[in-house]
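The values are calculated or read from the model by the stated rules, or taken from the named source; none is laboratory data. Quick caveat: nothing in here was measured; it's all calculated off a predicted structure. Here the Cβ positions follow ideal geometry from the backbone for every residue, glycine too, while neighbour counts run over all protein chains shown. The protein model used for the area step is the full one, side chains on, heavy atoms only, and it has no ligands, DNA or RNA in it. Shrake-Rupley method; radii C 1.70, N 1.55, O 1.52, S 1.80 Å.
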Amino acid sequence: MRNGTDQSVLSELIANTGFLPVSVDPLKRTIAWLDFGRYHFYEGFFHRSAKVFEALKKGEIKTFLTGIDVLDEGALVADSIYPTGFIFHAGRSGSTMLSKVLARSRENHVISEAGPMNSIWSFFTDNGQLPIQATDSNKKIYRNLLLTMSRHRCKTHKRYFIKFTSFNILFFD
């Protein structure tokens, strides 16, 4: 794992759209990145997709650790697919089934209940100590996090669907 936000790491992240955030540590203000290459997510949850990918690759995985400030870099999201639709999870609603059905098509890139999209809220609230401030900086960080998850990795991807965890709705104004 390479660490840092130096220019060489940033250049590699920009050049290799296979890198996606797999975790955000709000206390250390870091993002862990994993190179998924051209892997298409079929599983109903992001963490399951990552586990299947890791099992298939058997340890031959490139990773980085950067600061959250890397999300200020516009070039990182230049080749992203803008969201086509949002799915809001509610228990026993069929949202996981919908995510799986959408993911069956290689034209749909589906990110379902991804850890980075959940833990970023703790970063915005100082680990729950403060209310979310809808600053331009926070909006940009959140926007770019969502867009880094949809970096154009597969030629077949035309649409991007995001399934949010049920508690995420509490943070939306």
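About the Cα centre of the stretch 104-147, what is the dipole size in debye to 20, counting +1 per Lys and Arg Cβ and -1 per Asp and Glu Cβ, all else neutral?
Dipole about the Cα centre, nearest 20: 180 debye.
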Kirkwood calc, the stretch 96-173, C-alpha pairs only, radius in angstrom 13.8 Å
Note down the relative contact order for the stretch 88-173 as a percent, whole number, built from C-alpha pairs under 8 angstrom at least six residues apart. 49 percent
Taking a 1.4 Å probe, which of H47, H89, H40 shows the most accessible area, and what order do the others take after it? H47, H89, H40
Sort K57, K158, K163 from largest to smallest accessible area, using a 1.4 Å probe on the heavy atoms of the protein chains. K158, K57, K163
If I compute solvent accessible area with a 1.4 Å probe over the protein chains, what percent of it on the stretch 4-58 is carbon and sulfur? 55 percent
Between S105 and R48, what is the label-to-label distance in nm when each label sits 7 Å out along the Cα-to-Cβ direction? 2.1 nm
Just add up the charged neighbours of E107: K/R +1, D/E -1, any other residue whose Cβ is under 9 Å from the Cβ of E107. +3
Give me the percent of accessible area attributable to carbon and sulfur for the stretch 81-167, probe 1.4 angstrom. 56 percent
Low-density loop cleavage sites - GluC sites (Glu not before Pro) in the stretch 42-89, where at most 16 other Cβ are within 10 Å (DSSP): E60, E73
Could you count how many Lys pairs in the chain have their Cα atoms under 23 Å apart, skipping same-chain pairs fewer than 8 positions apart? 16
Antiparallel bridges, percent of DSSP beta bridges restricted to the chain (to nearest 5): 50 percent
Over the chain: helical MRE at 222 nm, DSSP H runs n ≥ 4 each giving -39500 (n - 2.57), nearest 500: -9000 deg cm²/dmol
Convex hull volume per residue in cubic angstrom - Cα atoms of the chain: 113 Å³
Of the options S80, S105, N16, report the single residue whose Cα projects farthest towards the positive end of the charge dipole of the chain (beta-carbon charges: Lys, Arg +1; Asp, Glu -1). S105
Solvent exposure, largest accessible area first (probe 1.4 Å, DNA, RNA and ligands not counted), of L13, L27: L27, L13
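Where the only charges are on Cβ atoms (+1 Lys, Arg; -1 Asp, Glu), what is the dipole of the chain about its Cα centre, to the nearest 20 debye?
800 debye
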